[in-house]
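Just below is one structure, and these are the notes that go with it.
The values are calculated or read from the model by the stated rules, or taken from the named source; none is laboratory data. All figures in this text were calculated on a predicted structure; none of them were measured in a lab. Methodologically, a virtual Cβ is constructed for each residue, glycine included, from the backbone with ideal geometry; neighbour enumeration extends over all protein chains shown.
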Amino acid sequence: MREPDVPKVGFAVISRDSDKSEPALEGAEIVPGWTPEVGTRLKEVIRRVGGLRAASAIVDTKAEQIAKWRDGKARPPFYALQQLAAAAGVSLDWIASGRELAQPVDQEGVSEPHQAPFFPAYEDEELFARVTDAVAKAHQEMGSRLPPIDLGRIVYRRYVEICSATDDPAERIAMVKLVKAQTLAELRAAVAAPGAGKASA
């Protein structure tokens with residue numbers, strides 16, 4: 001007996017198991033259910049996390065693919081949206097509908113404000129690229145092979161540290177040299193540790 005066809009509905013129907021985006025249906029240029037409002041909210045999420053490069057590092061996906069999600073050309077996997085939402089300090093409900101989840105009510109019946117996770121909204125693609133370059137070169141100089149997902153995590157932490165330390169763009173760029181020096185020092189210490197070979201910081 002053949003199972004009935006289940007129509008694919010809405011942008012918010014996202015696979016939890018898949019690591020790959022689902023393309024738009026055949027003959028369609030836009031994923032069914034995608035609206036300009038969803039695209040605007042995804043654009044805001046990308047802006048909050050620091051741009052396409054930062055979003056790419058967070059979810060370990062090419063920036064071009066994330067742009068397809070934003071533009072309704074592909075359906076993003078659930079886990080990737082979950083990671084971006086958390087990093088941007090918004091809920092998945094907000095991305096899908098523009099509404100936040102209902103606010104919790106305390107024992108006295110008073111609504112408690114929704115507390116989104118804190119994430120500083122930095123937007124400096126050039127700085128992010130320079131931090132990425134510094135960390136990658138430090139690992140390359142030490143002969144340490146670093147998987148892209150670990151590179152993304154390290155770069156993200158260093159980037160946030162720099163942005164939290166100062167608002168001055170010139171100081172931020174100067175701090176990139178410190179990031180490279182600090183990464184090299186950490187790698188050298190890891191290699192020099194008893195019983196350690198080459199390690200990634």
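Summary table
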item	result
Scope region 169-195; condition of a type in the set (A, V, I, L, M) and within 18 Å of ARG157 (Cα to Cα); matching residues	ILE173, ALA174, MET175, VAL176, LEU178, VAL179, ALA181, LEU184, ALA185, LEU187
Residues located in region 1-59, provided they are part of a loop (DSSP other than H, G, I, E, B) and modelled with pLDDT of 85 or more	THR35, GLY50, GLY51
Near pairs, Cβ below 7 angstrom, 6+ apart or cross-chain, from region 61-72 (touching a residue at least 60 places away in the same chain (Cβ under 8 Å)) to any residue that is part of a helix (DSSP H, G or I) and surrounded by fewer than 18 Cβ atoms within 10 Å (Cβ to Cβ)	GLY72/GLY39
